[in-house]
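The structure appears right after this line, and notes come after that.
The values are calculated or read from the model by the stated rules, or taken from the named source; none is laboratory data. Only a predicted model underlies this, so the values are computations on that prediction, with no experimental measurement involved. Cβ coordinates were reconstructed from backbone atoms using ideal geometry, including for glycine residues, and neighbour counts include every protein chain displayed.
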Amino acid sequence: MDRRRRKDEPFNPFAPNASQKARDRKEKTQRQPPRQKAPETKIPQQDLASKQKAAMEALRKRREIENQEKTQPVKQEVAKPKHQPSPQPKPAPKTEVKRPNKREDR
């Protein structure tokens, strides 16, 4: 019973040389490379500490900038008087509708 299997004939696990054929088939197929390791996850406490550190640094920089602005003399602008509109409202334009004199014109 050492005949060749046809392409459409299924694998027979009860054949005397089934284990050898299965091993050969397994060796012929290409092995897939192992998956890459997942990146290391940070412990939430470490992540929180780094965020706090960055926030404190940003706050310190902002305070330094504000202090520099306070120490510089502030230039005073000459106040220009703003134009105030007159308190009385403008009258609306009068519009007249000319009425026809004759009944036929209506």
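Odds and ends about this structure:
Conditions tested, residue by residue: (1) basic (K, R); (2) in contact with a His (Cβ under 7 Å, 6 or more places away or on another chain); (3) part of a loop (DSSP other than H, G, I, E, B).
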{"position": "D24", "(1), (2), (3)": "no, no, no"}
{"position": "E27", "(1), (2), (3)": "no, no, no"}
{"position": "P34", "(1), (2), (3)": "no, no, yes"}
{"position": "K37", "(1), (2), (3)": "yes, no, yes"}
{"position": "E40", "(1), (2), (3)": "no, no, yes"}
{"position": "A54", "(1), (2), (3)": "no, no, no"}
{"position": "E64", "(1), (2), (3)": "no, no, no"}
{"position": "A79", "(1), (2), (3)": "no, no, yes"}
{"position": "R99", "(1), (2), (3)": "yes, no, yes"}
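- Segment 42-52: number of residues that are part of a loop (DSSP other than H, G, I, E, B) and either among the charged types (D, E, K, R) or closer than 30 Å to R4 by Cβ (or both): 1
- Whether a residue is of a type outside the set (F, W, Y) and modelled with pLDDT of 85 or more was assessed, and S19 passes this test.
- Among residues of segment 60-91, those that are among the hydrophobic types (A, V, I, L, M, F, W, C) and modelled with pLDDT of 80 or more, counted: 1
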